Every structure is written in structure tokens, then in C-alpha cells.
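Trainee: One structure, pasted below without further comment.
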Amino acid sequence: MLAFRLPSLATCGWPHHSQSLNNNYLKVAVLTDPQLTDRTSLRLPPKSLSLELVQFYSDLYMRRAFLSSVLPFHPDVILFLGDLEWKESLSRLKHVFPVSKQETPVHWIGGNHDIGYEYLHTRAPQAITRYEKEFGSLNYRFRVGQVEFIAIDAQAIDGNPQGYMASSTRAFVKNVSLDIQAYPRVLLTHIPLYRQDKTDCGPNRKSEIINQQIVRSPDRREIAYQNYITEESSKYLLDSIQPVLVLSGHDHDQCDVVHKSKYGPVKEHTVGTISWQQGNVYPSFMLLSARDFVPSNTSSSEKPVITQLCFLPVQLHIYIWYLSLFVLTVLALLLWPAGGVSFWHNFSDLLVCGKQLISSITSRPKEKDEDLNCEYEMMWDAEGSMHLVKKASNVSVTSKSEKISVERGTTVIRPTAKKHITQELEVSVNADVFDPMAKTLPRASKSWTKLVIQRLVRTFRMVTIIAAVNMPIYMLLLFKDWTD
């Protein structure tokens, strides 16, 4: 959830706080193209588990984005620019975007996935009736502060002039143009205005630019599909409404262009989709500040509307992060020492080594004190000769091999003889130990295979324990985000 709060924490904010000296602005959150995923979006079998999972996680992403990224900004108005739902997904839409109209006014713009184009209007008029019953008129105007917003049915503006939908939309635009413009206007249209092919969309564009495409009915009189409003209709809208800003959707990706009109240049913001399942891995929404004061003079530098684009977390990056953590966990479990890692164990070994080093330095006998620390002993060899041998009083025998002696009466073996015996014993032991080299290789191979199997079993056991602990927590968090 922290990833969804990042826009409100550091990367985004209301633009009038940084771009205006006057804070008397109303706050508008602009979202578009949630286009709830269903069987028409993906080629998945209806009612299948795969489709249900895709729908769930797509809805959950937008719900988290709305609750944790948009609402924390406390907008005064929320604006949706189209492509909302089909009839069977209306309840899903209200669950994904739970907002009370009594608390925050919400305005909706019809999109092609809501009512279709003119070709559908004449064949399924019930789609228009259903939409208007739930969301209101397709062509209307409203005011936020000292700014007027003009919403039009963009799917009908290029239709048959004699058709009902096209004629209604053009009549509405004409009425707006005849009114005295008391406030700066913002044009709201689901389909973007005309732009030439390969027009640069600015640095926020992440996908390939889409060129104009218009599909007409067989009689060429009705629009069946289009990417942009035609050049003629775009010019008509700009000259009639005289907006200071145009907001649009439909493209699913961000695009900023400047249009020319007889009243001067007009900037258009095409806002990207808020969903991560609609071809844009960088979902976004927009924060718009609408002026709520009358400037003292016409030459005031205070803009009537200021906008700020805000990006949401990249869901693909989140999944890559989960996968990376899983791989690192498995590698750590596989490569972790069998005996574990103990700091105190290693520290105690270091202390022992230090003590041995100090004792070896301080316990070196000095040559001039050798006679004082030794006593003499009479010894006879095998031939009967007597020898005086120095013997240190504090020397202790450290191994049984040094005690090997062949006694006869009071005789002991001379050091040279003892040396030969010791060497013979060592040779015999070494011969016994290192002779069967061929037998050690299979043993090593078997021990290595056993070690690998043990580590795999241990890793599987630990992954199972981790999953058993984390899955209930994960399900509780999912349930919380889905129900809160």
C-alpha cells in the first residue's frame, strides 16, 4: 500500500501550491478509462478461473489507487472522462470507485465503451437510455469555482448531421457559443481532438503514437469507430466554445498537444488510463486546480486552471519485485550453511587462536636458562655404556608415541633409534590411510548427492513454512483492501 501512497507523499501535489501565489483554488481529480476488464477485454473463457483472477486483481489495483492515491488529496470534485462500464459491471464500478456524491461531487463523461459510436446509437438506443439513467446527460455544463466545464458527446459530433445524436450535440455546442462567456472554459471530450499523424505527445508518452483511424458504416454516413475527432469538427469545437484547456481520454496513454484556433493556442491534455490492464504499464491520473477568485485585472498572471499529472505504481514492477524476493529466498535457503552461522562461535574461535599465539610467543625458552631448568639423569644404552642426559623438570610427555621404549633392565632406546621407529610407524599408518584412493571418490560422490538432497528437502520444508505463515496474512490484507 505504500507504493500507492507515493504520489501523495512525494511525487505529486496540487499544482496551485507550487505554481501560484494565490491558494484560492478548488481541487479537481481527473480520471479516465478504467474500462473494467471483462470477457470482451481478454480472450479468456467466460466464468473461467483465469478471467475471474484477472478481473479481481485489475479491480483491486484501481480500488487501491483510488482509495490510497486519489482520495488522500481530498479533491473538491472528481471527474471521469469516459469508458466506465457495461451494464453487468455497474456494481463493480461502484465498488472499485466508492465515492458518495453527497460528500464529493462526481461528474461523468460518456465514452465509446459506455454508449458506443453513432452506428450503435441507431441500432441500440437502449444503451443511451441506460447510461443517462445512471450517469446523466451526455451533453452538459457545470461550474467549479470561477471555471466552467463543457462536456460533449464526442462519439456523435462527427455523425450524420441529420441524425438525432449528432444534431443534439451540435445544437448544444451552438447554444454554448451564443451565451456570453462569463468564465474561462474547459472542454471535456472522451475522444481527443484532431492532430496530425506522428504528432509528438511530449515526454510523458510511454507507448507508440496512434494515428487517425475512422471506420464508417457501409453507407458511409455513420461513424463505427474513430481514434480522433475529425479536423473540421475539432476546429468547430475550439472556435465555438473557446476553451482555455481541453481534457480528453480514449487513447489510454498520456499526450500533450497544442491546437491553433482563431482565439489563440489551446493546450489539450489526453490523460492516460488509471488501469494497468489497458495497454499502458504506467497508469496515471490528473490533479487540476480551478481558480475560485476573480482576478483584480485582466492582465493578471494567475492562470484559471493549472494541471499536474500523477503516475501510479507500475504493477509489472511490483510482480518483478515479488519474484526477485522469492528467488533470493530460495537461494539463501539452498546455500545457507548446514550448521548455521553463529557470531559467538566464530568469536570464541578467534579468542582461542589469539591465546595460543600469545602463549607460543611467551613460552619460548631462552638458551641461557636451559641449564637452570634442567636436571641430569644417568642412562645406559644397549652396549652397556653410560650417558648423562639433560631432562627438563617441567617437560611433559604429549603423546604415547614418545613413550615407546624397549626396556632391558634400566636401559632405554637412544633418540636416534626412537626416531627410526617413529618414522616407520608413521609410514605404515600413512600407507594404510592413503592407499585406497579409489574407494574415497565414490564415498565423496555419495556424500555430495546426499548433501544436495538434504538441502533441497530443507529448502522445500522452509518454503512451505514461510508460505503457511505469509499466505494467511496476504489473504487478510487482500480482504481488507477489497472490503474497506
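Trainee: Which residues, taken from region 279-337, are polar (S, T, N, Q), farther than 23 Å from Gln254 by Cβ and in a helix (DSSP H, G or I)? Write out each step before concluding.
Mentor: We begin by selecting, within region 279-337, every residue polar (S, T, N, Q); these are 280, 284, 289, 296-301, 307-308, 315, 324, 329.
Imposing the further condition that a residue be farther than 23 Å from Gln254 by Cβ reduces the set to 296-301, 324, 329.
Ser324, Thr329, listed by residue number.
Trainee: Here are Leu237, Leu193: which of them is aliphatic (A, V, I, L, M), more than 36 Å from the chain's Cα centre (by Cα) and open to solvent by less than 70 Å² (accessible area, probe 1.4 Å)? Let's see the steps before the verdict.
Mentor: Details: Leu193 fails: more than 36 Å from the chain's Cα centre (by Cα).
Just one listed residue meets the conditions, Leu237.
Trainee: Going residue by residue through region 177-190, is there one that turns out to be buried (at least 17 other Cβ atoms within 10 Å of the Cβ), free of Cβ contacts under 8 Å to residues at least 40 places away in the same chain and not hydroxyl-bearing (Ser, Thr, Tyr)? Give the steps one after another, and end with the answer.
Mentor: Applying the first criterion (buried (at least 17 other Cβ atoms within 10 Å of the Cβ)) to region 177-190 yields 183-190.
Then drop every residue that is not free of Cβ contacts under 8 Å to residues at least 40 places away in the same chain, which leaves none.
Looking for residues that are buried (at least 17 other Cβ atoms within 10 Å of the Cβ), free of Cβ contacts under 8 Å to residues at least 40 places away in the same chain and not hydroxyl-bearing (Ser, Thr, Tyr), one finds none in region 177-190, hence no.
Trainee: Looking at region 217-234, which of its residues are under 20 Å from Asp33 (Cα atoms) and open to solvent by 10 Å² or more (accessible area, probe 1.4 Å)? Full working, then the answer.
Mentor: From region 217-234, those under 20 Å from Asp33 (Cα atoms) are 224-229; that's our starting set.
Those that are under 20 Å from Asp33 (Cα atoms) and open to solvent by 10 Å² or more (accessible area, probe 1.4 Å): Ala224, Tyr225, Asn227.
Trainee: Within the bounds of region 300-319, is there any residue that is touching a strand residue (DSSP E or B) at 6+ places or on another chain (Cβ under 8 Å) and either at positive phi or free of Cβ contacts under 8 Å to residues at least 12 places away in the same chain (or both)?
Mentor: Filtering region 300-319 for residues touching a strand residue (DSSP E or B) at 6+ places or on another chain (Cβ under 8 Å) gives 302-312.
Within this subset, residues satisfying the condition of being either at positive phi or free of Cβ contacts under 8 Å to residues at least 12 places away in the same chain (or both) are none.
Scanning region 300-319, I find no residue that is touching a strand residue (DSSP E or B) at 6+ places or on another chain (Cβ under 8 Å) and either at positive phi or free of Cβ contacts under 8 Å to residues at least 12 places away in the same chain (or both), so the answer is no.
Trainee: Being outside any strand (DSSP E or B), polar (S, T, N, Q) and surrounded by fewer than 21 Cβ atoms within 10 Å (Cβ to Cβ) is the filter here; which residues of region 260-278 pass it?
Mentor: Keep residues of region 260-278 that are outside any strand (DSSP E or B), which gives 262-263, 271-278.
Going one step further and asking which of them are polar (S, T, N, Q), we end up with 273, 275, 277-278.
Once the filter is applied, which keeps residues that are outside any strand (DSSP E or B), polar (S, T, N, Q) and surrounded by fewer than 21 Cβ atoms within 10 Å (Cβ to Cβ), region 260-278 yields only Gln278.
Trainee: Starting from region 204-230, keep only residues that are free of Cβ contacts under 8 Å to residues at least 40 places away in the same chain, then list their pairs with residues that are aliphatic (A, V, I, L, M) and in a loop (DSSP other than H, G, I, E, B) whose Cβ atoms are within a distance under 7 Å, requiring at least 6 positions of separation or different chains.
Mentor: Asn227/Ile210; Tyr228/Ile191; Tyr228/Leu193
Trainee: Condition test on Ser91, is it out of contact with any His (no Cβ under 9 Å at 6 or more places or on another chain), of a type in the set (S, T, N, Q) and within 26 Å of Gln277 (Cβ to Cβ)? Quick ask: steps written out before the conclusion?
Mentor: Values: out of contact with any His (no Cβ under 9 Å at 6 or more places or on another chain): yes; of a type in the set (S, T, N, Q): yes; within 26 Å of Gln277 (Cβ to Cβ): yes.
Yes, satisfied.
Trainee: Considering only region 44-76, state which residues are in contact (Cβ under 8 Å) with a residue 40 or more places away in the chain and part of a loop (DSSP other than H, G, I, E, B).
Mentor: Within region 44-76, His74, Pro75, Asp76 qualify.
Trainee: So in region 126-158, with the set limited to residues that are more than 20 Å from Val305 (Cβ to Cβ) and either aromatic (Phe, Trp, Tyr) or over 42 Å from the mean Cα position of the chain (by Cα) (or both), which one is surrounded by the fewest Cβ atoms within 10 Å (Cβ to Cβ)?
Mentor: Phe135
Trainee: With the checklist (1) out of contact with any helix residue (DSSP H, G or I) (no Cβ under 6 Å at 6 or more places or on another chain); (2) open to solvent by less than 60 Å² (accessible area, probe 1.4 Å); (3) of a type in the set (Ser, Thr, Tyr); (4) more than 21 Å from Gly249 (Cα to Cα) in hand, flag the one item Tyr57 doesn't pass.
Mentor: (2)
Trainee: Shifting gears a bit: Being modelled with pLDDT of 85 or more, surrounded by 10 or more Cβ atoms within 10 Å (Cβ to Cβ) and of a type in the set (A, V, I, L, M) is the filter here, so list the residues in region 430-468 that pass it.
Mentor: Ile453, Leu456, Val457, Met462, Val463, Ile465, Ile466, Ala467
Trainee: Considering Leu312, Leu333, Leu288, which residue is under 17 Å from the mean Cα position of the chain (by Cα) and either open to solvent by less than 90 Å² (accessible area, probe 1.4 Å) or modelled with pLDDT of 90 or more (or both)?
Mentor: None of the other options fit; the residue is Leu312.
Trainee: Another one. Only one of these conditions is not met by Arg216: (1) at pLDDT 90 or above; (2) farther than 30 Å from Arg291 by Cα. Which number is it?
Mentor: (1)
Trainee: Going through region 204-259 one residue at a time, which ones are farther than 18 Å from Val281 by Cα, assigned to a loop (DSSP other than H, G, I, E, B) and charged (D, E, K, R)?
Mentor: Step one: filter region 204-259 for residues farther than 18 Å from Val281 by Cα, giving 211-248, 256-259.
Those left that are additionally assigned to a loop (DSSP other than H, G, I, E, B): 211-213, 217-222, 227-230, 242-244.
If the condition is that a residue be farther than 18 Å from Val281 by Cα, assigned to a loop (DSSP other than H, G, I, E, B) and charged (D, E, K, R), then Asp219, Arg220, Arg221, Glu222 are the ones that fit.
Trainee: Residue by residue through region 248-287, note down the ones that are touching a Leu at 6+ places or on another chain (Cβ under 9 Å) and under 20 Å from Ala182 (Cβ atoms).
Mentor: Ser261, Tyr263, Val266
Trainee: Here's something else I'd like to know. Looking at region 8-39, which of its residues are loosely packed, with under 15 Cβ neighbours inside 10 Å, touching a residue at least 24 places away in the same chain (Cβ under 8 Å) and part of a loop (DSSP other than H, G, I, E, B)?
Mentor: Result: Leu21, Asn22, Asn24.
Trainee: Being touching a strand residue (DSSP E or B) at 6+ places or on another chain (Cβ under 8 Å) and open to solvent by 10 Å² or more (accessible area, probe 1.4 Å) is the filter here, so list the residues in region 101-119 that pass it. Spell out how you get there, then give the answer.
Mentor: First pass over region 101-119, keeping only residues touching a strand residue (DSSP E or B) at 6+ places or on another chain (Cβ under 8 Å): 104-109, 112, 117-119.
Thr104, Pro105, Val106, His107, Trp108, Asn112, Tyr117, Tyr119, listed by residue number.
The values are calculated or read from the model by the stated rules, or taken from the named source; none is laboratory data. Nothing here was measured: the structure is a model prediction, and the numbers come from that model. Note that each Cβ is placed from the backbone with ideal geometry, even for glycine, and that neighbours are counted across all protein chains shown. To get the accessible areas, we keep the full protein, side chains included, count just its heavy atoms, and leave off ligands, DNA and RNA. Shrake-Rupley method; radii C 1.70, N 1.55, O 1.52, S 1.80 Å.
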